[in-house]
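*Asks:* Dropping a structure here in structure tokens format, bear with me for questions.
The values are calculated or read from the model by the stated rules, or taken from the named source; none is laboratory data. Predicted model, so just to flag it, every value in this text is computed and none were measured. Cβ sites come from the backbone with ideal geometry, for glycine too, and all protein chains shown count toward neighbours. What goes into the accessible areas is simple: the full protein's heavy atoms, side chains included, and nothing from ligands, DNA or RNA. Shrake-Rupley method; radii C 1.70, N 1.55, O 1.52, S 1.80 Å.
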Amino acid sequence: MNIEPRGAQGASMSESRFVILGGGMVAGYAAKQLVELGLKPGEMTILSADTSIPYERPPLSKGFLAGRDTEDAIRINPEDFYRKHGIEVKLGCEISAVDPRRKQLILKSGGEFGFNKLIVATGARPRMLEIPGAQLRNLYYLRSLDDSRAIQRFVAAVKRAVVIGGGFIGMEVAAVLAQKGLDITMILNEDRIWKRLFSPQMSSFFEAYYTARGVRFIKTARVTELRGDGAVSAAVLGNGLAIACEMAVAGIGVQPVTDVVAASGINVEDGVIVNEYLETSQPDIYAAGDVANYQDLLFGKRRRVEHWDNAVSQGQYCARALMGERAPFKHVPYFFSDVFDLSYEYWGDASAADEIIHRGDLSTNSFSVWWLQRNRLVAAFAMNRPDEEREVVPTWIETKQSVSAVKLNDASRSISGALD
């Protein structure tokens, strides 16, 4: 494996049969899949702006942030995997442009890198606060291993933190920091936690769970300023209320990293536009992971997914495509989360649902939620539920299974009894 410091690449022209632009999860899982499919040594190069070989992202806001997982434990493949299989990994390698016609990548440090087939997997970057005080120290975003490491190091020195945002990153970070004994205030711009995904009953459950563990919520509020003498000491809301804190973590979404392909002729619109084969508008160039805006054949819409499972599945899919497989990408969107001592899973897309069924007891930590559209399952959430409930979900969504809302609502019935 070639680990070069930023700017160390020479001006010579290098090339590889397969190149992955981006060193995240797509790269790690594509590499593993390609090796399993018979990749020959010297056929693949990963060009990564990161400082570490590919690693799993979910632990960054969970086990690694909490100090339970080591850096080695979150690697997708061991470091010697790349060397053993003749896969070159160039770290700290930044690209200024892609030239599809000449099949070359232009390196920021000078020189070019040629490819026969390319996977654009540049991922996403955090949305930044654009308010007074946003340049103060001790304001953190969580995207990379370095980000998680920085938060982890600083936590021991503070007692109060503000978490800005109520999505999955905000929820996971708030849970870890609260478990470390910090006084946590979550500031939500909506009237309940994770309104885009959760039903009102689910939001109520999680808000009560967090409150019981010392987390304070301020809803329907926006942080308009961060104050401090060099470092954050307060988050100021639109109504003038100042929340004292020694650190702030903002989880307000991400933006796809498309700069390097902006002038390449590749279609870009909320990510890199790809078809049902994850192919871009330029031949022999694919896109996968957070940056890929793909045609979801199951739901009949375009989507860009920013979760672990999507990066894994699309990385593996692109590897098969590079080796000659030709089949449309079909996949039920999925993600999981761990907060405090709870673990839950979510499948599908509830945006067009016309009915919501809650199964189980929402006063406990064992329940499932089912979103139906014209009596067909389009999404489901499960937490501490029987395996049979979890196992049927992807199949029911993919096959557009007709489900009886009345039967589904009857928790005394097995899940198979809910079919029409």
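*Asks:* Compute the Cα gyration tensor for region 1-146, then decide on rounded, prolate or oblate, letting a ≥ b ≥ c be the square roots of its eigenvalues: rounded whenever a/c is under 1.5, prolate when a/b is larger than b/c in the other cases, and oblate in all that remain.
*Replies:* On the way: a/c = 2.20, a/b = 1.32, b/c = 1.67.
Oblate shape, in that a/c is at least 1.5 and b/c is the bigger or equal ratio.
*Asks:* Counting helices only, and only those DSSP H runs with n ≥ 4, report the 222 nm mean residue ellipticity of the chain as the sum of -39,500 (n - 2.57) divided by its residues, in deg cm²/dmol to the nearest 500. Kindly include the intermediate steps, with their values, before the conclusion.
*Replies:* On the way: 9 runs with 89 residues, N = 420.
After summing the helix terms and dividing by the residues of the chain, the value is -6000 deg cm²/dmol.
*Asks:* Hey, what's the chain come to in accessible area per residue, 1.4 Å probe, Å²?
*Replies:* On the way: 17770 Å² over 420 residues.
Ligands and nucleic acids excluded, the result is 42 Å² per residue.
*Asks:* Indicate, rounded to the nearest 5 percent, the antiparallel portion of the DSSP beta bridges found entirely in the chain.
*Replies:* So the antiparallel bridges amount to about 60 percent of the total.
*Asks:* Apply the Karplus curve 6.51 cos²θ - 1.76 cosθ + 1.60, θ = phi - 60°, to the phi angles in region 267-282 and return the couplings in whole Hz, x for Gly and Pro.
*Replies:* Each residue of region 267-282 in turn: 5, 10, 6, 6, x, 8, 6, 10, 8, 6, 9, 6, 8, 7, 6, 10 Hz.
*Asks:* A further question follows. Does region 84-179 come out rounded, prolate or oblate by the C-alpha gyration tensor, with a ≥ b ≥ c the root eigenvalues, rounded set by a/c under 1.5 and, if not, prolate when a/b is larger than b/c and oblate if not? Walk me through the numbers before you get to the answer.
*Replies:* Numbers: a/c = 2.76, a/b = 2.25, b/c = 1.23.
In terms of gyration-tensor shape, prolate.
*Asks:* What figure in square angstrom, to the nearest 10, would you give for the accessible area of residue 57 with a 1.4 Å probe?
*Replies:* 70
*Asks:* Here's a follow-up. Within the accessible area of the chain, what % is carbon and sulfur when the probe is 1.4 Å and the other protein chains stay in place?
*Replies:* Values: 8150 of 17770 Å².
Answer for the chain is 46 percent, counting heavy atoms of protein chains only.
*Asks:* Can you give the accessible area of residue 69, probe radius 1.4 Å, in Å² rounded to 10?
*Replies:* 60
*Asks:* Using the Karplus curve 6.51 cos²θ - 1.76 cosθ + 1.60 with θ = phi - 60°, work out ³J(HN,Hα) for each residue of region 49-57 in order, rounded to whole Hz, and write x for Gly and Pro.
*Replies:* 7, 6, 9, 10, 5, x, 9, 6, 8
*Asks:* Something else now. As a test question: what accessible area, to the nearest 10 Å², does residue 227 have when a 1.4 Å probe is rolled over all protein chains in place?
*Replies:* 110
*Asks:* Sticking with this one: May I ask you to list the trypsin sites (Lys or Arg not before Pro) in region 293-343 that are in a DSSP loop and have at most 16 other Cβ atoms within 10 Å of their Cβ?
*Replies:* On the way: sites: 301, 302, 303, 304, 320, 326, 330; in loops: 304, 326, 330.
For trypsin sites (Lys or Arg not before Pro) across region 293-343 that sit outside H, G, I, E and B with at most 16 neighbouring Cβ atoms in 10 Å, the list reads 326, 330.
*Asks:* Moving on to the next point. Under the rule a/c < 1.5 gives rounded, and otherwise a/b versus b/c splits prolate from oblate, where does region 320-420 land using the Cα gyration tensor? Can you show the working numbers first?
*Replies:* On the way: a/c = 2.19, a/b = 1.41, b/c = 1.56.
It is oblate, given that a/c is not under 1.5 and a/b is not larger than b/c.
*Asks:* Work out from phi, with θ = phi - 60° and the Karplus expression 6.51 cos²θ - 1.76 cosθ + 1.60, the ³J(HN,Hα) of each residue of region 252-259, listed in order in whole Hz, and give x for Gly and Pro.
*Replies:* Computed from phi, the couplings for region 252-259 are 10, x, 9, 10, x, 8, 10, 3 Hz.
*Asks:* I want the local charge near residue 337. Using Cβ-Cβ distances under 9 Å, sum +1 for each Lys or Arg and -1 for each Asp or Glu among the other residues. Write out the running numbers ahead of the final one.
*Replies:* Details: positive: 62; negative: 172, 338, 345.
Cβ neighbours under 9 Å give a net charge of -2.
*Asks:* Considering amide H positions built from the backbone, and no H for Pro or chain starts, which residues 5 or more places from residue 163, or on another chain, come under 5 Å of its amide H?
*Replies:* When sequence neighbours closer than 5 places are left aside, the close amide H contacts are 185, 186, 187, 249.
*Asks:* In region 98-203, what GluC sites (Glu not before Pro) fall in a loop by DSSP, with at most 11 other Cβ atoms inside 10 Å? Intermediate results must be reported in sequence, preceding the final value.
*Replies:* Working: sites: 112, 130, 172, 190; in loops: 130, 190.
Passing sites in region 98-203 are 130.
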